[in-house]
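Each remark here refers to the structure printed beneath this line.
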Amino acid sequence: MIDLMPTSEEQAAAIVLAHAATNRSLAVCGGDTRSGFGNAVSAEDRLRSTRLSGIVVYNPGEMVMTARSGTPLSEVEAALSEGGQMLAFEPMDHRPVMGRSGEPTIGGVFAANVSGPRRLIAGAARDSLLGVRFINGKGEVIKAGGRVMKNVTGLDLVKLIAGSYGTLGFLTEVTFRVPPRPKTECTVVLSGLNDAEAANAMAVAMALPVEVSGAAHLPLTVTWKFLAGKLPEGEATVLRIEGLVGSVDVRVEKLAAVMSAFAKVTRLEQPESRRLWQEIRDVLPYADGTTRPVWRVSVAPGTGHQLVAALRLEAGVDAFYDWQGGLVWMRMEAGPEAELVRRFIKALGGGHATLIRASAEARAVTSAFHPEPEAVAMLSRRVKEKFDPAGIFNPGKMG
């Protein structure tokens with residue numbers, strides 16, 4: 001496989017056009033830190049965005065940034081930090097759990113619609129995306145959206161590209177919102193709750209007028225892996241409050257007063273709080289250097305613990321919960337057990353299970369993405385045919 005790394009949008013378009021003309025397939029990627037996602041890609045060459053790099057426009061007063069797709073995520077975050085702003089959806093760094101190296105790119109973040117703990121109030125990556133430039137499977141440069149969203153059609157196309165994993169086009173530029181960074185944060189820790197009790201406590205916390213920006217439950221099997229084992233003894237249900245210093249103090253007091261009816265309450269101040277949520281974001285307990293299967297499961301917040309309890313009757317499962325219990329990170333002790341996982345999800349009212357990590361042998365026989373209903377699958381195929389008629393982009397990636 002040849003690595004093709006264009007230095008301009010025009011070069012990238014010429015590469016795609018030549019490959020489309022000869023039906024030669026392309027694996028599309030940025031820093032190659034998330035290439036293990038999805039189903040195996042069978043491609044003859046690899047088209048990388050890493051030389052399409054640099055921040056194009058950034059004025060903190062506008063709270064919008066435009067960057068080329070291959071711009072390292074670290075460069076984007078450094079510029080935002082200097083401007084007192086952030087990526088609201090706090091994208092996960094998949095390198096530890098995937099066992100990969102390389103440098104994540106801002107285009108890769110949006111192509112995979114990567115989101116972290118703040119998603120439950122800030123939305124996913126696609127909800128911050130305002131505009132894109134990309135090259136379709138005909139070698140045409142397409143622009144959608146912009147620095148100010150004014151038309152629904154452009155918005156729909158932008159949202160469609162986010163989370164398409166490079167199967168619809170090759171991203172060359174992205175424009176996205178960048179809100180102010182909170183001045184401080186504090187995490188309220190409830191100790192000793194089981195999974196069901198924690199789900200109830202988190203539901204109460206999210207209903208309070210205190211603007212909880214992170215809600216996770218860490219069972220005993222994983223608590224010792226966070227903060228180098230310095231969390232209070234027992235299970236930990238953690239609730240984050242962010243904002244201005246005075247506001248955070250008042251809101252934390254209100255939250256702690258209500259939560260004290262559920263369990264013993266302690267506080268983590270900014271340094272430890274920030275580190276904890278980064279470790280939750282990056283799924284630290286399962287960054288274990290193995291290929292044991294890891295699932296990312298999205299369900300209704302009240303059913304996550306029920307799913308894990310049902311699975312444990314038939315398979316070895318370790319799990320912890322983010323997004324008020326609506327995001328379940330599960331590590332299987334043996335095989336992926338895909339049929340079992342998805343059957344139980346359906347029985348509990350529906351959701352999505354994505355296989356994030358597994359051995360090559362397991363990936364070869366397991367669909368990484370949750371099966372779509374036939375009508376949706378048919379629509380997906382039609383969209384793919386319109387964007388990439390020759391089927392050269394990431395063939396097989398999404399099924």
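Which order do the peptides 157-170, 104-117, 76-89 take when ranked by the mean count of other beta-carbon atoms within 10 Å per residue, highest first? Before the final figure, lay out the partial values.
Numbers: 157-170: 23.3, 104-117: 26.7, 76-89: 17.6.
Ranking the peptides 157-170, 104-117, 76-89 by packing returns 104-117, 157-170, 76-89.
Which of the peptides 389-396, 28-35, 4-11 is most tightly packed, and how do the rest follow, going by the mean number of other Cβ atoms within 10 Å of each residue?
28-35, 389-396, 4-11
By how many degrees, between 0 and 90 and to the nearest 10, does the Cα long axis of helix 9-21 differ from the longest principal axis of the chain? It works out to around 70 degrees.
For the chain, modelled as a Gaussian network with Cα springs under 10 Å, which listed residue fluctuates most, Ala13, Ala309, Ala261? Highest fluctuation of the listed residues: Ala261.
So what's the back-of-envelope 222 nm ellipticity for the chain, counting only DSSP H runs of four-plus at -39500 (n - 2.57) apiece and dividing by all residues, rounded to 500?
On the way: 14 runs with 129 residues, N = 399.
Roughly -9000 deg cm²/dmol at 222 nm, from the helical runs in the chain.
Between 0 and 90 degrees, the angle of helix 195-207 with respect to the longest Cα principal axis of the chain falls at about 80 degrees. Of all the options Val41, Val204, Val189, the one that moves most in a Gaussian network model of the chain with Cα springs shorter than 10 angstrom is Val204.
With a simple spin-label model that places each label point 7 Å from the Cα along the Cα-to-Cβ direction, the separation between Glu372 and Val204 comes to 4.2 nm.
An ellipsoid equivalent to the chain, defined through the eigenvalues of its Cα gyration tensor, has semi-axes of 36, 26, 18 Å when rounded to whole angstrom and sorted largest first.
Under the Kirkwood approximation for Rh and a Cα-based Rg, what ratio Rg/Rh is obtained for segment 142-260? The partial results should precede the final answer.
On the way: Rg = 19.9 Å, Rh = 17.5 Å.
Ratio value, two decimals: 1.14.
In the chain, Cα pairs under 8 Å separated by at least six residues give a relative contact order of 19 percent. With all protein chains in place and ligands, DNA and RNA left out, the 1.4 Å accessible area ranks Asp156, Asp282 as Asp156, Asp282, largest first. To the nearest ten degrees, helix 73-82 and the longest principal axis of the Cα atoms of the chain are 60 degrees apart. Compactness of segment 2-177, taken as the C-alpha radius of gyration over 2.2 N^0.38 Å, stands at 0.98.
The values are calculated or read from the model by the stated rules, or taken from the named source; none is laboratory data. Note that this is a predicted model, so its numbers are computed, not measured. Don't worry about glycine lacking a Cβ; one is built from the backbone with ideal geometry, like all the others, and counts go over all protein chains shown. The accessibility values were calculated without ligands, DNA or RNA, using every heavy atom of the protein model including side chains. Shrake-Rupley method; radii C 1.70, N 1.55, O 1.52, S 1.80 Å.
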